[in-house]
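To start, the structure itself, in structure tokens.
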Amino acid sequence: MTRTVYLNGDWLLETEAKVSIFDRGFLFADAIYEVTAVIGGRLIDYPGHGARLRRSLDELAIPCPLSEEALLAAHREIVRRNGLDEGLIYLQISRGTADRDFAYPKEAEPTLVMFTQAKPVLDNPRTATGITVATLPDWRWERRDIKTVQLLYPSMAKMEAMQRGADDAWLVEDGYVTEGSAASAHIVTHEGVLVTRPLSHAILHGITRANILDLARADAIAVDERPFTVEEAKGAAEAFITSATNFAMPVVSIDGTPIGTGRPGPIAARLRTLYIEDRLATAL
Ligand code: PLP
């Protein structure tokens with residue numbers, strides 16, 4: 001099926017949407033993005049993604065080309081035009097097109113692109129098996145809190161993890177896990193405490209992470225926001241990742257070491273259920 005995509009105010013067939021070779025997203029990775037899950041044609045956690053989008057733009061002094069209302073309307077419209085039932089919406093805003101120069105151009109118009117990807121997010125078969133991860137050094141830049149399209153290193157890390165026989169990478173800095181290649185990383189201790197790295201410039205401020213932590217606290221699961229080492233993670237009762245399209249996904253081994261029983265754990269499963277219930281109730 002040929003999708004209908006959004007480009008700077010126009011709805012176009014995906015084969016017809018073109019961006020300039022001078023776009024700064026292409027030349028400098030001078031662009032930010034968001035991914036919003038869609039279930040039953042409704043937007044999951046949209047306010048969180050909208051807020052983070054604005055924060056990323058502010059950090060880079062890129063003006064937002066659409067008002068809050070127009071952005072939400074465009075999300076709804078792309079779902080409608082593509083008949084999207086389940087999957088995701090990808091949105092990217094670059095600083096725009098200008099002759100190549102390291103200094104930001106004074107008068108570039110931001111480029112706003114949106115497209116959909118249909119895929120099962122609710123009944124992801126990996127939830128039953130969990131995923132395996134390999135640890136790799138975190139060689140990304142230091143402003144990981146800004147959701148930029150500089151995704152080459154996470155992509156390299158994922159490839160290296162896959163070459164080592166794992167599904168994905170967990171990134172490590174100074175002995176402590178930062179996050180996954182495209183997800184927040186968490187563990188559960190044998191005392192049942194959910195341990196997760198606190199927010200800082202070192203990690204993306206995951207929208208799913210924030211909701212999962214609220215749901216855990218409301219469900220009397222203790223939460224400890226502190227860094228954890230690879231060794232602690234390998235000895236934990238459970239490990240899991242969170243992201244917009246994975247919700248909460250169990251991690252069953254790290255560098256070949258089984259976590260807990262080596263099977264998906266009860267707390268990750270419980271949080272996934274709570275998250276889905278809660279987010280469906282608030283979907284737009
Ligand atoms: N960390 C990184 C590096 C990511 O790329 C992502 C999602 O793309 C996340 C964490 C999870 O963020 P969210 O829950 O907002 O999808």
Check your understanding: Out of all the residues in the range 9-24, is one or more polar (S, T, N, Q) and surrounded by 15 or more Cβ atoms within 10 Å (Cβ to Cβ)?
Key -> no
Practice item. Test Phe102 against the stated conditions and say whether it is open to solvent by 50 Å² or more (accessible area, probe 1.4 Å), of a type in the set (A, V, I, L, M, F, W, C) and not in a loop (DSSP other than H, G, I, E, B). Key: no
Review point. Restricting the range 109-133 to residues that are over 24 Å from Tyr33 (Cα atoms), modelled with pLDDT under 95 and in a loop (DSSP other than H, G, I, E, B), which is least open to solvent (accessible area, probe 1.4 Å)?
Key: Pro125
Exercise for review: Identify all residues within the range 20-51 that are in contact with an Asp or Glu (Cβ under 6 Å, 6 or more places away or on another chain), part of a helix (DSSP H, G or I) and either more than 16 Å from the ligand (Cβ to nearest atom) or more than 18 Å from Pro65 (Cα to Cα) (or both); write none if there are none.
Suggested key: Arg24
Practice item. Select from the range 234-281 the residues that are part of a loop (DSSP other than H, G, I, E, B) and among the aliphatic types (A, V, I, L, M) and write down the one among them that is surrounded by the most Cβ atoms within 10 Å (Cβ to Cβ). Key: Ile259
Point to revise | Selection status of Glu77, at pLDDT below 95 and either in a helix (DSSP H, G or I) or over 21 Å from the mean Cα position of the chain (by Cα) (or both) | key: no
Review point. Looking at the range 52-99, which of its residues are over 29 Å from Thr2 (Cα atoms), of a type in the set (D, E, K, R) and either open to solvent by less than 20 Å² (accessible area, probe 1.4 Å) or within 16 Å of the ligand (Cβ to nearest atom) (or both)?
Key: Arg52, Arg54, Arg55, Glu59
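Quick one: in the range 224-233, of everything that is without any contact (Cβ under 8 Å) to a residue 60 or more places away in the chain and either within 16 Å of the ligand (Cβ to nearest atom) or within 19 Å of Thr135 (Cα to Cα) (or both), which residue is surrounded by the most Cβ atoms within 10 Å (Cβ to Cβ)?
Phe228
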**Study point:** Filter result (of a type outside the set (Gly, Ala, Ser) and on the phi > 0 side of the Ramachandran plot) within the range 248-279
**Key:** Asp255
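Yes/no matrix, rows are residues, columns are (1) in a loop (DSSP other than H, G, I, E, B); (2) buried (at least 16 other Cβ atoms within 10 Å of the Cβ):
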residue	(1), (2)
Thr135	no, yes
Trp141	yes, no
Glu160	no, no
His190	yes, no
Pro198	yes, no
Arg217	no, no
Practice item. Being touching a Leu at 6+ places or on another chain (Cβ under 7 Å) and either at pLDDT below 95 or aliphatic (A, V, I, L, M) (or both) is the filter; apply it to the range 178-216 and report the residue that is farthest from the ligand (Cβ to nearest atom). Key: Val188
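The values are calculated or read from the model by the stated rules, or taken from the named source; none is laboratory data. Keep in mind it's a predicted model, so treat the numbers as computed, not measured. All Cβ positions, even for glycine, are placed from backbone atoms using ideal geometry, and neighbour counts span all protein chains on display. Areas reflect the complete protein model, heavy atoms only, side chains present, ligands, DNA and RNA absent. Shrake-Rupley method; radii C 1.70, N 1.55, O 1.52, S 1.80 Å.
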